[in-house]
Amino acid sequence: MEQLSNYILKPGLCLLVLYLFYYTLLRSQPGLKQNRAFLLLAPLVAVLLPFLPWPSLFPSESFVAHQLQSIQLPEVVVSYSPAASEAGSVGSSLLSIKNMLLFTYLLGLAILASRLVLQLFNIRKLIAASKPVANLTSSATVLKTENGTPTFAFLDYVFLGDQAHLSEREKKQVLTHELAHVQLHHTWDILYYELLTSVMWFNPIIWLLKSELRDVHEYQADAYVVSEHQPAQYTSLLAKEALYKTGVPMGSYFREPQVFKRLQMLQQRDKKTGWLRPLLILPLLFIMATVFSAQHATADIANSLTATANNQTTQEPTAPALITDTDALEPPAAPGSAIAGTAPKMPPPTDITEDVVFQKPKTNETPEAEEKAEPYVKPYSYVENMPQFKGGDAELLKYLGKNMRYPKQAQEAGIEGMVVVNFTVNTDGTLSDIKMIRSLGGGTDEEAIRVVESMSGQWQPGTQNGRKVPVSFNLPIRFTIK
């Protein structure tokens, strides 16, 4: 579910940003070639940009990178099994919701894909039923249609509908307009967006971009006409054909409801195209790449944490400890939930550094009391004798099995994934500096913090050179719905 959300939300957000950029800065500009290229590339950029392997733009000594120096506890898996208890109805409903969403998406995809195939089939029938018109042009095949089919262009075909109400001069202008669609290969743009809207039909932005591209096509064809005919005569023809509703939406039509926008754009035909506004997309892409690189860095850190846990558990193979409600824990684990993990395997001692002593913060205590107080020691990442939960690793897993719960909010929302909690075991066995270094949401962060806080005072402190010292730990907890 977490990965599915990323594949939907990130491209959708990126597409929204690109559409707002186009709408505010480019839409009303006369640079039609740049606008067409932008609209064609925007969906590809939105899909690819969030998932490209961008290099990290942040210093390696950042807060999160520093946390990787902490000792890694084994990954704890909190699973929710719908079939285990009454909570199974919730899990079943979650599965049903997922299935319903998948069914809805596939249904929409099937409907739009079928409509596209049907339109192509109808155009093929129209080609066979239409009569070719000779001696008009050699750059396209011109066909005369019947039964009220409007004038439009598709690939290398121009279909001429009923033109009895047009003069010979107006007919030439209409033909010039449709030939512009053929020569500019607008049909391929249309087919490209038809496929995009079929796949991404649930995203309203893709439909807005499709409409904007249709407008740009008409603006380009209009500019082609006024370069060969009198602008005043052509604008009169546009006004004459305004607000005509088409019947087959696959082609590039001469008579469309956006005629009024086309008239406004024709008034800007003599304006020069500036490059400043289109170039503003570069800093926008840089900002988005920076945001996504930060997200990639966080994900890479989480993967490193998981890999560290896996390495610790596979250096010396041991059977994983699985804690369920049948393990006679007091009180028993929640029905339908389980905690799985393995005993942490610490690395052998290497070069042990001396204590790093910092200046003690000023307090209101008397000088005598300050002299008796121990200096502040920066938490170690590894010491000779590591801290241990009272009773050993097995008791730690049992404790987590009794106390860790899959939050109901996360269950109902179908939230799965990993959180990572960092904490320090102090010299008296208490815990401090408890903080999240990877969040998930849905109440999972609060649940992880709650359980870690409840372990305060139940640890045996670590020692270095015979003296108790604070030690920092990372605890990865993965929430998963079976």
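The values are calculated or read from the model by the stated rules, or taken from the named source; none is laboratory data. Treat the numbers as computed from the prediction; the structure is a model and nothing was measured. Please note: Cβ atoms are built from the backbone with ideal geometry, for glycine as well, and neighbour counts cover all protein chains shown.
Here residue 248 meets the list (1) at pLDDT 80 or above; (2) not in a helix (DSSP H, G or I) almost entirely, failing just condition (1).
Do we have any residue at all in segment 124-132 that's within 27 Å of residue 210 (Cα to Cα), exposed (fewer than 15 other Cβ atoms within 10 Å of the Cβ) and not assigned by TED's automatic domain parsing to the domain that holds residue 232? Outline the logic, then answer.
Here is the first cut: in segment 124-132, the residues within 27 Å of residue 210 (Cα to Cα) are 124-127.
Subset that is exposed (fewer than 15 other Cβ atoms within 10 Å of the Cβ): 124-125.
With not assigned by TED's automatic domain parsing to the domain that holds residue 232 added as a condition, the list becomes 124-125.
Yes, because at least one residue in segment 124-132 is within 27 Å of residue 210 (Cα to Cα), exposed (fewer than 15 other Cβ atoms within 10 Å of the Cβ) and not assigned by TED's automatic domain parsing to the domain that holds residue 232.
Within segment 369-380, does at least one residue satisfy the condition of being touching a Gly at 6+ places or on another chain (Cβ under 9 Å) and modelled with pLDDT under 90? Yes, segment 369-380 contains at least one residue that is touching a Gly at 6+ places or on another chain (Cβ under 9 Å) and modelled with pLDDT under 90. With respect to residue 384, determine if the residue is surrounded by fewer than 18 Cβ atoms within 10 Å (Cβ to Cβ), closer than 30 Å to residue 100 by Cα and either in contact with a Phe, Trp or Tyr (Cβ under 6 Å, 6 or more places away or on another chain) or in contact (Cβ under 8 Å) with a residue 60 or more places away in the chain (or both). Answer is no for this residue. Across segment 200-222, the number of residues qualifying as surrounded by 17 or more Cβ atoms within 10 Å (Cβ to Cβ) and part of a helix (DSSP H, G or I) comes to 15.
Before we move on, is residue 235 surrounded by 15 or more Cβ atoms within 10 Å (Cβ to Cβ), modelled with pLDDT of 70 or more and in the same structural domain as residue 16 (by TED's automatic domain parsing)? Lay out the reasoning, then the answer.
Numbers: surrounded by 15 or more Cβ atoms within 10 Å (Cβ to Cβ): yes; modelled with pLDDT of 70 or more: yes; in the same structural domain as residue 16 (by TED's automatic domain parsing): yes.
Against the criterion (surrounded by 15 or more Cβ atoms within 10 Å (Cβ to Cβ), modelled with pLDDT of 70 or more and in the same structural domain as residue 16 (by TED's automatic domain parsing)), residue 235 qualifies.
Select the helices (runs of 4 or more DSSP H) contained entirely in segment 16-130, then report the ones holding at least 3 residues which are at pLDDT 70 or above. Talk me through it step by step, then tell me what you get.
On the way: elements: 32-48, 63-67, 88-129.
Here the list reads 32-48, 88-129.
Residue 171 satisfies every condition listed in (1) in contact with a helix residue (DSSP H, G or I) (Cβ under 6 Å, 6 or more places away or on another chain); (2) without any contact (Cβ under 8 Å) to a residue 24 or more places away in the chain; (3) under 20 Å from residue 266 (Cα atoms) except (1).
Scan segment 174-184 and tell me whether some residue there is surrounded by 16 or more Cβ atoms within 10 Å (Cβ to Cβ), more than 25 Å from residue 236 (Cα to Cα) and assigned by TED's automatic domain parsing to the domain that holds residue 228. No, the conditions are met nowhere in segment 174-184.
Among the conditions (1) closer than 18 Å to residue 41 by Cα; (2) at pLDDT below 85, residue 204 misses just one, which is (2).
Can you go through 173, 163 and tell me which one is in contact with a His (Cβ under 7 Å, 6 or more places away or on another chain) and either at pLDDT 85 or above or over 20 Å from residue 120 (Cβ atoms) (or both)?
Numbers: 163 fails: in contact with a His (Cβ under 7 Å, 6 or more places away or on another chain).
Only one candidate passes the filter, namely 173.
One residue stands out in segment 392-419 among those that are in a helix (DSSP H, G or I) and aliphatic (A, V, I, L, M): the one that is nearest to residue 443 (Cα to Cα), namely 410.
Against the criterion of being among the β-branched types (Val, Ile, Thr), touching a helix residue (DSSP H, G or I) at 6+ places or on another chain (Cβ under 8 Å) and under 30 Å from residue 101 (Cβ atoms), residue 434 does not qualify.
Answer with yes or no whether residue 215 is under 30 Å from residue 9 (Cα atoms) and assigned by TED's automatic domain parsing to the domain that holds residue 24.
Values: under 30 Å from residue 9 (Cα atoms): yes; assigned by TED's automatic domain parsing to the domain that holds residue 24: yes.
Taking the combined requirement at face value, the residue satisfies it.
Return a yes/no flag: does segment 188-199 have any residue that is within 30 Å of residue 410 (Cα to Cα) and either hydrophobic (A, V, I, L, M, F, W, C) or outside the structural domain of residue 32 (by TED's automatic domain parsing) (or both). Break it down into steps so the answer makes sense when it comes.
First, pick out the residues of segment 188-199 that are within 30 Å of residue 410 (Cα to Cα): 199.
Retained after the next criterion (residues that are either hydrophobic (A, V, I, L, M, F, W, C) or outside the structural domain of residue 32 (by TED's automatic domain parsing) (or both)): 199.
Yes, that holds for at least one residue.
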